[in-house]
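In what follows, a structure is listed as structure tokens, so that the remarks can point back to it.
The values are calculated or read from the model by the stated rules, or taken from the named source; none is laboratory data. Values in this document were obtained by computation on a predicted structure and should not be read as measured data. Note that we place each Cβ from the backbone using ideal geometry, even for glycine, and neighbour counts take in every protein chain shown. For accessibility, only protein heavy atoms count, side chains too; no ligands or nucleic acids. Shrake-Rupley method; radii C 1.70, N 1.55, O 1.52, S 1.80 Å.
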Amino acid sequence: MIYLDHAASSPLRTETIDEMQQSLQYDFANPSAIHKLGKYQQASLLKIKIEFLKSLSDDRSVLNDSFIFTSSATESNTTLIQGLQLVAGDVALYSEGDHPSLVQNIKTLINKGVSIKAAPLNKQGLVDLIWLEENMSKNVKLCTLSHVNNHNGSIQNLEEISKIIKNNNVDCHFHVDAVQSYGWLDIEVTTWNIDSVTISGHKISAPKGIAGLYIKKDLKVQPLLIGGGHQDGLRSSSEATSLVKSFNVARAEAFKDDLAKYIEMNIHLRRRLKKECPRTVFPFDLDYTSPKILTFYVKDISSDILLRHLEENEIYISSSSACSSKLKGASPVFLALNIEEENHKSILRLSLGWTNTIDELNKFCDLFNEIILDLEFLLKK
Amino acid sequence: MYKVLMINVDELWLKGKNRPQYFRAIKNHIETVVAAFHPYKFKVKNESQRMIVRSDEPFKEKVFQALQRVPGIHSFSPTRDIELDYELLYPSIKEELTSWGDKLPRTFKVNTKRTLKTFEKNSMEVSREMGHLILKDFDNIKVDVKTPELFVELRILPDKFFISTHKYMGVGGLPVGTNGHLVTLLSGGFDSPVASYMMSKRGCRQTFAFFYAYPFVGEEVKDKIIKLMEVLATYQKETSLYIVPFGNIQKKIAKSCKEDYRTMLFRKYMVDCANILAGRIGAKALLTGDALGQVSSQTIGNIALVDSITSRPVLRPLIGFNKMETIIKSKEIGTHDISIIPHDDACSLFAPKHPVIHPDNKYWLEYCTNNEYAKDLQDAIEKAEKIMFSVRGELIPSKNS
């Protein structure tokens, strides 16, 4: 099997599984229990929380901020976007190219009378900074953005964007979804003045079911889950100690990962595919995108058909499209990313992670070229 | 409430010496269907060419809905049964009519039949007296002996009165299994599900074959076919679907033949494959949703071509149907809303720009004789996934999984 879909979910490392297994065995007590078994877990949870906070900034003041563990990045984004309790007359800025847990949450704000504005993206999927400057009025109360886009890997310049936001309106909340960047790309919540950050476990080889939400000190966020007041009242629910512990191990491992390896792999893939299968198009440059995510298409060949041919050979990539049928299919995400509508049905996303080797990528390229040749008869002359 | 069902059979009276066999088949089907939806004891009896189902617990609407799909049933009436005490008869009739609520029709007629000839009153008297009482109690209803909207059916049996006012129409025709076994070539469109229904009500047992063009189409097509099967199985008595892997065979054909012959050759090899399956399961004929001239592969020339290569007859019940007629039928039988779900179709993916309408016999024969598809087709049947469906239209989990 060759797994090239790490941006969707990344396989667990042995260290993470071991930690999880141990914790499942020993951390059976309720972490809120006042006896020793509970207190022991609380202490570990606190220590881990500090590790996560430290991973988001080199500035020690970050330790005064909040960090909560949630069940998923979607929960983190929902908690934040809904929890800010924007009111009629407020404005929220977002990007149509982002994950639905941002876009769809922002869209619900319309019902409360909030105006929403989608920031245009350039050819590389980067936010138009001039537009941002022009649209940062006093009414803008929330700005959400992915650090790395999950579809095409575009990397936003958060430092610069935050400056534009805060210089124009210091009260505007800047929320970053760092799900695809966390663990390999630096983020500096303190100096860059970022108010909240979502991260996810299963993208960095932790199990599914664990994610995190960073919130700057003193910011008011109404919790989604009400009850016993766990995690500073921001998320009632007994903490999932075992998941948190394995998330922490995954985090430590992710930060050890060698970024140069992915850059090399990405360049190698682009070079081979372009050369051996000239019909391959790479709409986004490596200079502006994550080396771990490679978006491409073969004109006039449906991504789903390619995906299934690869799947037959136990190679797994993603077509980046939720819509299974290609009958009428413009994707708002790809439109936002400036991909011509006629090519939406052909878009493929390959994403790299710790398991991958150059050897695997070569096998992928060999097979991919073979499949493309095999399917040439489908192309209408 | 209704602890008795009176079922009228449809065409069974046409049968001569074979009649007992037909009655056995329909009785068995009724038993299976009732058992599937009525979790209590019940008995089905053939009483003077009518099927009577009795239980100690009232039958529910689900049983009625299911029986409406049993081929061979003309109609049936959920029936109240009460003690043979004339004093009790009208109160029960009143209760029955009251249960109609606002929907009670405006005109009625009481029909009484007497099996117990020694009963104190004759049929006419009973009808008249009950009609009179109804008129007294219900304001907005009149008698109409010629074309009443409502029949109040009364039966005087040796030990019971039967009362029924509801009549459900069945699909009619002949009981499943009395007219042979077919292999039905099923696709996700409108036609083949309707064709299957048509032959269910002509008493054909069916085994279904779906030619799955994976990897050119995905799981969603398979899911759609299973959804269709969940409906079609309710007109059958327990049936199965073979999901035949066909994508790579189609690719092989598409790459090796003249482009304009693709669709016709797909068809030929699907029919060949269906014949192999038919041979294995002992089916006598194939069933397709062809309608003459609907698409290029259904022209008279191409239909003749298929018929010239098939070793079993191909039944085409929709041959004279207009598309609209098929669509209307699909709404009636419950497959329409599934058929409209969009899906990728391998045939249209491979479709030639100008499909052949007048096939060249020489080329056709040459292509069909010089190849090794026979083994591919055998393999495809061998590898086919078989899914069983109950009379409830539900998947029956296989014993191996």
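Observations, loosely collected:
- Spherically averaged projected area in nm², based on the convex hull that wraps the Cα atoms of segment A:14-255: 12.6
- Chain B packed on chain A takes about 1500 Å² of accessible surface away from a 1.4 Å probe, both sides summed.
- GNM top mover of A:Ile204, A:Ile48, A:Ile215 - chain A, alpha-carbon springs below 10 Å: A:Ile48
- Straight-line reach from A:Lys216: taking Cα to Cα under 15 Å and skipping same-chain neighbours fewer than 8 places apart, the aspartates and glutamates in range are A:Asp58, A:Asp59, A:Asp65, A:Asp171, A:Asp177, A:Glu188, A:Asp195, A:Asp232.
- Packing rank of B:313-319, B:382-388, B:268-274, where each peptide gets the mean count of other beta carbons within 10 Å, highest leading: B:268-274, B:313-319, B:382-388
- Over the C-alpha trace of the protein assembly as shown, radius of gyration and Dmax come out as 34.7, 104 angstrom.
- 20 Å binning of all Cα-Cα separations within chain B, expressed as whole percents from 0 upward: 24, 45, 23, 8, 0
- When A:Phe52, B:Phe42 are compared by accessible surface with a 1.4 Å probe, the order from highest to lowest is B:Phe42, A:Phe52.
- Dipole in debye (nearest 20) - segment A:66-182, about Cα centre, beta carbon charges: Lys, Arg +1; Asp, Glu -1: 200
- Across peptide A:302-311, the average count of Cβ atoms from other chains found within 10 Å of a residue's Cβ is 4.
- Straight-line cross-link reach from B:Lys15 at under 19 Å between alpha-carbon atoms covers these aspartates and glutamates, not counting any fewer than eight positions away in the same chain: B:Glu47.
- Orientation-averaged projected area, Cα convex hull of segment A:258-378 (nm²): 7.5
- Averaging Cα coordinates gives a centre for segment B:227-256 and one for segment A:6-36; these two points are 45 Å apart.
- Mean ellipticity per residue at 222 nm, deg cm²/dmol - from DSSP H runs of n ≥ 4 across the protein assembly as shown, formula -39500 (n - 2.57): -11500 deg cm²/dmol
- Count Lys and Arg as plus one, Asp and Glu as minus one, and take only other residues whose Cβ is under 15 Å from that of B:Ser330; the net charge is then +2.
- Cross-link pairs beyond the 21 Å C-alpha cut-off, checked among A:Lys138/A:Lys220; A:Lys138/A:Lys163; B:Lys284/B:Lys362: B:Lys284/B:Lys362
- Degrees between helix B:323-333 axis and first principal axis of chain B (Cα, 0 to 90, nearest 10): 50
- Separation of alpha-carbon centers, segment A:197-225 and segment B:335-397, rounded to whole Å: 49
- Cα lying deepest toward the dipole's positive end in segment B:4-169, options B:Phe37, B:Leu104, B:Leu150, charges on Cβ: B:Phe37
- Listed by chain and number, the lysines whose alpha-carbon sits under 30 Å from that of B:Lys142, ignoring those within fewer than 8 places in the same chain, are B:Lys3, B:Lys60, B:Lys94, B:Lys103, B:Lys109, B:Lys113, B:Lys117, B:Lys121, B:Lys160, B:Lys167.
- Listed peptides A:254-267, B:332-345, B:165-178 by packing density, highest first (mean Cβ within 10 Å): B:165-178, B:332-345, A:254-267
- Inter-chain Cβ neighbour average for residues B:210-219, partner chain, 10 Å: 4
- Sequence ranges B:231-239, B:301-309, ranked by mean other-Cβ count within 10 angstrom, highest first: B:231-239, B:301-309
- Between helix B:262-281 and chain B: long-axis angle, C-alpha atoms, 0 to 90°, nearest 10: 60
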